[in-house]
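Throughout, read-outs are computed from the coordinates displayed, never taken from laboratory work. Please read these numbers as outputs of a predicted model, since none were measured by experiment. Every residue, glycine as well, gets a Cβ built from its backbone with ideal geometry; the counts of neighbours run over all protein chains shown.
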Amino acid sequence: MNNLKIGIIGNGFVGSAISHGLRHYCKTLRIYDKDKKRTTHTLSEVFDCDYTFVCVPTPMSESGHADLSLIEGVFSEAQEADAKCSFVIKSTVPVGTTNNLSLSNKSLTIFHSPEFLTARSAKIDFISPARNIIGYPSNLDCHNKASPCFEKLNILKDFFKERFPGVPCLTMKSDESEMVKYIANCFFATKISFFNEMYLLCKKLNLDWGKMIAGVLSDGRIGTSHFQVPGHDGDMGFGGTCFPKDINSLISIMRDNGIDPVMLQAAWDRNLTVRKNKDWEYEAAAVSNPIDRRFE
């Protein structure tokens with residue numbers, strides 16, 4: 001067991017997966033959520049930890065951009081409370097977010113560590129990662145061995161290595177770690193749309209989809225995930241609280257930077273045509289909902 005005190009803000013599927021995976025590997029675990037039923041400690045007590053994981057939603061706004069109001073609210077309260085912990089953002093955030101939060105809250109140490117979880121198997125995914133990633137903001141001197149940031153970064157890295165022996169732990173700039181998450185999620189979303197399109201063609205040509213997919217997946221380069229049509233929920237395409245908001249966020253980021261998101265837009269358009277249950281339109285964690293503003 002490690003002697004670190006670990007805090008978690010937001011006890012939804014990400015926060016609960018982290019608490020499940022770390023509770024026996026740290027000295028103290030404190031959880032705060034605006035839903036009192038999901039809370040074990042006050043926000044002040046969570047701020048008084050060694051490392052606090054921030055796991056709040058970043059839903060899609062009307063423009064398609066990520067709504068960062070919840071995560072900004074966390075750091076506003078942390079600044080006011082003079083929080084002493086180092087923060088680890090697990091929420092999916094646009095490139096530059098961790099840097100901007102670090103510059104706006106210079107008394108706080110903020111890292112970004114993307115999660116690679118699926119909602120239906122989040123706890124299993126967390127304890128069996130392919131890799132862990134820690135991103136550090138550019139305004140912190142994390143390469144200087146004499147700096148506090150260097151020490152905090154390496155303590156966190158050692159904690160991950162101890163908890164997940166044999167699993168690579170990569171460090172990079174937070175801009176890069178943020179982009180890693182978007183690339184991964186949007187690749188999987190695009191892969192789903194591609195296989196849905198191929199499914200439609202195979203059905204039109206009266207081809208056996210099962211035999212077709214068995215032949216395709218025999219090539220190990222393609223991978224054996226995100227090919228099911230219909231998906232695990234019985235519907236076509238992709239839904240839920242992650243892929244729809246993340247692909248729209250990256251589409252918006254690309255347009256903001258003068259790049260036409262032809263491929264991602266096509267993947268999203270195909271999803272809109274095949275998906276019956278557009279659950280992202282009413283899931284609070286997927287789309288901005290001014291009525292229900294809570295950390296979860």
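Overview of results
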| read-out | value |
| --- | --- |
| Order by protection proxy (mean Cβ within 10 Å, highest first), peptides 140-151, 70-81, 210-221 | 70-81, 140-151, 210-221 |
| Extended-chain gain in nm, criterion 0.36 nm per residue less alpha-carbon gap, Ile259 and Lys276 | 3.1 nm |
| For the range 5-178, convex hull volume per residue from C-alpha positions, Å³ | 118 Å³ |
| Net charge dipole size for the range 5-178 [Lys, Arg +1 and Asp, Glu -1 on Cβ; Debye, nearest 20] | 700 debye |
| Ranked packing of 104-114, 263-273, most packed first, by mean Cβ within 10 Å | 104-114, 263-273 |
| Computed over the range 179-281, Kirkwood Rh from alpha-carbon pairs, angstrom | 14.4 Å |
| The range 233-277 - Rg and Dmax from Cα coordinates, angstrom | 11.4, 37 |
| Local electrostatic count at Leu108 - Lys and Arg +1, Asp and Glu -1, tallied over other residues with Cβ under 14 Å | -3 |
| Per-pair calculated FRET efficiency, R0 = 51 Å: Leu205 and Ser76 via Cβ, rounded to 0.05 | 0.35 |
| Simple Cβ-charge dipole of the chain, Lys/Arg +1 and Asp/Glu -1, about Cα centre, in debye nearest 20 | 780 debye |
| Gyration tensor over alpha-carbon atoms, the chain, equivalent ellipsoid semi-axes in Å | 35, 21, 19 |
| Normalised per residue, the volume of the convex hull around the Cα set of the range 180-232 (Å³) | 76 Å³ |
